[in-house]
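Q: Structure in structure tokens, see below.
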Amino acid sequence: MFEVPVEPRSLEAFRALLEPADHHRLERSVERFRDVLGDRRLWHVNSTKQGGGVAELLSTLLPYLAGAGVDVHWLVIEGTEEFFELTKRLHNHLHDADGDARPLGDGDRTVYDQSLAREVAAVETVVGAGDLAILHDPQTAGLLPSVGARGTTTLWRCHIGVDEPGPLAKDAWSFLSGDVAAAQRCIFSRPSYVWEGIDPERVAIIPPCIDVASPKNHPMSDATTAAVLDIIGVVPASGTGGIPEFVGTDGTPGTVQRRAAVTETAPIPTDAAIVLQVSRWDRLKDPQGVLHGFAAGVLPKHGDAHLVLAGPETAAVDDDPEGAETFAKVVRDWEGLPSAARDRSHLVRLPMDDDDANSAMVNALQRRADVVVQKSLAEGFGLTVAEAMWKQRPVIASRVGGIQDQIVDGESGVFLDDPTDVETFGRAVAELLGDPACAEAIGDAARQRVCDCFLPTHHFEKEARVLDEVLD
């Protein structure tokens with residue numbers, strides 16, 4: 001276990017991004033949060049400091065609480081390769097997906113308990129009686145009984161789930177339910193994710209949000225966007241004279257300096273239309289389906305369009321042992337494409353050694369894209385959808401999980417009713433590329449949807465309400 005430093009951050013950056021009334025509401029929500037906690041220490045515990053939505057949520061939101069005077073801390077548990085293989089299996093099962101096709105057994109329980117026993121001792125050295133701890137997802141659930149027994153108020157937050165749970169999801173519930181029973185509250189991202197058998201009075205619903213003042217979502221000019229994409233080796237610059245700069249989370253300026261690892265036959269032309277998916281290299285994000293749908297459905301109508309599949313360097317996400325395997329499968333599929341499709345498909349692995357620089361890279365990719373897609377087979381929430389919507393990008397995404405809460409179909413985005421149907425996916429992308437006016441209208445409505453529902457304001461208000469109920 002190790003602690004990730006939480007550097008205080010002011011809400012002042014939001015003043016230029018939000019309407020005055022919305023900025024005032026944000027300030028009040030953080031003040032309310034501070035008043036609810038008083039002098040208690042707040043701990044968040046998860047399994048990685050970078051890569052994936054949970055790490056991003058914590059890295060962007062916790063500094064604002066610290067800046068308002070909340071005594072907030074972030075702990076990351078560690079584990080063996082065997083432990084993270086198991087928790088990835090639990091992750092997949094909670095989505096009712098078979099993952100590595102292995103069932104959960106008694107030996108898995110031993111691996112889980114023994115791995116977390118070592119972490120319990122480390123957590124107990126810092127988290128004490130009277131503190132409040134929010135533990136995230138299956139990796140941390142086994143800590144709940146021990147941490148709660150010390151007099152710590154515990155909440156468990158589950159960011160993943162499935163709308164219609166089957167046997168696999170229920171097996172995962174059974175595996176974790178004894179540990180989860182020790183939490184005073186269980187927080188889910190949407191009502192359909194709530195497990196059977198949990199007392200409704202112990203349940204809270206809090207959708208995630210995006211930090212629109214972060215390097216990933218901060219305004220970026222066209223010239224800067226072009227310069228960033230040039231320096232990382234995705235789209236060569238056209239002589240715009242831009243600088244690959246960004247404003248870091250601490251308010252200081254930075255520049256993008258690292259190249260991405262790009263698998264391609266040739267660079268993307270400067271003026272090409274780009275279809276983009278940004279996600280982990282995860283089978284449930286279906287990057288292979290995106291690749292084949294683009295080749296079969298988009299290129300016949302838009303032969304000059306290019307596809308970018310972007311994700312992290314596969315070794316950089318500690319709690320996802322399947323990333324390298326999934327990326328290798330995508331490469332094999334890419335190599336098997338007809339030459340015309342292979343020439344227009346680009347696999348991009350972004351460096352993760354500098355979180356702010358990585359965020360600026362994603363920001364530039366999303367702003368440069370003509371259409372952003374998220375063809376997930378299952379999804380907890382899907383922060384990349386809201387990120388693209390904030391940037392007024394037209395999004396085509398699967399009607400699964402929390403994506404359903406973000407998009408109003410035909411208004412602020414386009415749904416794929418069957419995410420496995422690659423032909424329909426390709427046609428939907430082609431139609432949107434061929435109708436710029438429709439794409440622009442969807443993008444405008446998308447940004448307003450984020451303003452109305454998925455800002456930190458909404459998150460802080462809901463979380464403060466839950467903490468108030470627990471501490472009352």
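The values are calculated or read from the model by the stated rules, or taken from the named source; none is laboratory data. Everything numeric in this text was worked out from a predicted model, so none of it was measured. Reconstructed Cβ throughout: ideal geometry from the backbone, glycine too, with neighbour counts over all protein chains shown. When the accessible area is computed, the model is the full protein with side chains, heavy atoms only, and any ligands, DNA or RNA have been set aside. Shrake-Rupley method; radii C 1.70, N 1.55, O 1.52, S 1.80 Å.
Q: Assuming a ≥ b ≥ c are the square roots of the Cα gyration tensor eigenvalues, decide whether the stretch 397-441 counts as rounded (a/c under 1.5), prolate (otherwise, with a/b larger than b/c) or oblate.
A: oblate
Q: Oh, and also: Determine the per residue accessible area of the stretch 3-51 with all protein chains present and a 1.4 angstrom probe, expressed in square angstrom.
A: 55 Å²
Q: How high is the relative contact order of the stretch 236-276, in percent, counting Cα pairs under 8 Å that sit 6 or more residues apart?
A: 39 percent
Q: Describe numerically, in nm with one decimal, the distance between label points set 7 Å from Cα along Cα→Cβ at Ala441 and at Ala16.
A: So the two model labels end up 3.3 nm from each other.
Q: Hey, got the dipole for the chain? About the Cα centre, +1 on K and R Cβ, -1 on D and E Cβ, debye to the nearest 20?
A: Rounded to the nearest 20 debye, it is 460 debye.
Q: Through the Karplus equation 6.51 cos²θ - 1.76 cosθ + 1.60, θ set to phi - 60°, convert the phi angles of the stretch 150-165 into ³J(HN,Hα) values in whole Hz; use x for Gly and Pro.
A: Running phi through 6.51 cos²θ - 1.76 cosθ + 1.60 with θ = phi - 60° gives 7, x, 7, 6, 10, 10, 10, 10, 10, 8, 10, x, 9, 5, 10, x Hz.
Q: Name the GluC sites (Glu not before Pro) in the stretch 165-256 that are in a loop by DSSP and that have at most 16 other C-beta atoms within 10 Å, would you?
A: Here the GluC sites (Glu not before Pro) that fit, given the DSSP loop and packing criteria, are Glu196.
Q: Ranked from highest to lowest mean number of other Cβ atoms within 10 Å per residue, what is the order of the peptides 124-132, 285-293, 403-411?
A: Result, highest mean Cβ count within 10 Å first: 285-293, 403-411, 124-132.
Q: Is the stretch 291-424 rounded, prolate or oblate when judged by the Cα gyration tensor, a ≥ b ≥ c being the square roots of its eigenvalues, rounded requiring a/c under 1.5 and prolate requiring a/b larger than b/c?
A: In terms of gyration-tensor shape, rounded.
Q: Calculate for the chain the 222 nm mean residue ellipticity that helices alone would give, adding -39,500 (n - 2.57) per DSSP H run of length 4 or more and normalising by residue count, nearest 500 deg cm²/dmol.
A: Value at 222 nm, helices only: -13000 deg cm²/dmol.
Q: Taking the solvent-accessible surface of protein heavy atoms with a 1.4 Å probe, what is the per residue accessible area of the stretch 184-301 in Å²?
A: Spelled out: the 1.4 Å probe surface of the stretch 184-301, per residue, equals 41 Å².
Q: Still on this structure, I have one more. Mean shadow of the stretch 124-243, computed from the convex hull of its alpha carbons, in nm²?
A: Computing the convex hull of the Cα atoms and averaging its projections yields 11.7 nm².
Q: Right, next: Using a 1.4 angstrom probe, figure out how much accessible area the stretch 370-429 has per residue, in square angstrom, rounded to the nearest whole.
A: Computed with neighbouring chains in place, this is 28 Å² per residue.
Q: Figure the gain on full extension for Thr420 and Arg399 (residue separation times 0.36 nm, minus the Cα-Cα span) and round it to one decimal in nm.
A: 6.4 nm
Q: Write down the percent of antiparallel bridges among all DSSP beta bridges whose residues are both part of the chain, to the nearest 5.
A: Rounded to the nearest five, the antiparallel share is 20 percent.
Q: What is the set of long-range amide H partners of Val203 at a cut-off below 5 Å, with H atoms built 1.01 Å from backbone N?
A: It is Cys186, by chain and number.
Q: Whenever you get a sec, compute what percent of the accessible area on the chain sits on carbon and sulfur atoms (1.4 Å probe).
A: 47 percent
Q: Obtain the nm distance between the two label points defined at Ala122 and Asp100 by a simple spin-label model: each point lies 7 Å from its Cα along the Cα-to-C-beta direction.
A: Distance between label points: 2.1 nm.
Q: Which cross-chain or sequence-distant (5 or more) residues have an amide H under 5 Å from the amide H of Val72, H modelled 1.01 Å from N in plane?
A: So Val72 has HN proximity to Leu42.
Q: Moving to a separate point now. Pulled fully out, how much extra length does the chain show between Asp472 and Ala261, if you take 0.36 nm times their separation in residues and subtract their Cα-Cα distance?
A: Extending this stretch completely gives an extra 70.8 nm.
Q: With no solvent and one equal point scatterer placed on each C-alpha of the stretch 58-217, evaluate the Debye formula and give log10 I(q)/I(0) for q = 0.09, 0.15, 0.19 Å⁻¹, two decimals.
A: The Debye formula, applied to the Cα set alone, gives -0.31, -0.88, -1.33.
Q: log₁₀ I(q)/I(0) of the chain at q = 0.08, 0.13 Å⁻¹, via Debye over equal Cα point scatterers, no solvent, to two decimals?
A: Treating every Cα as an identical point scatterer, log10 I(q)/I(0) equals -0.45, -1.25.
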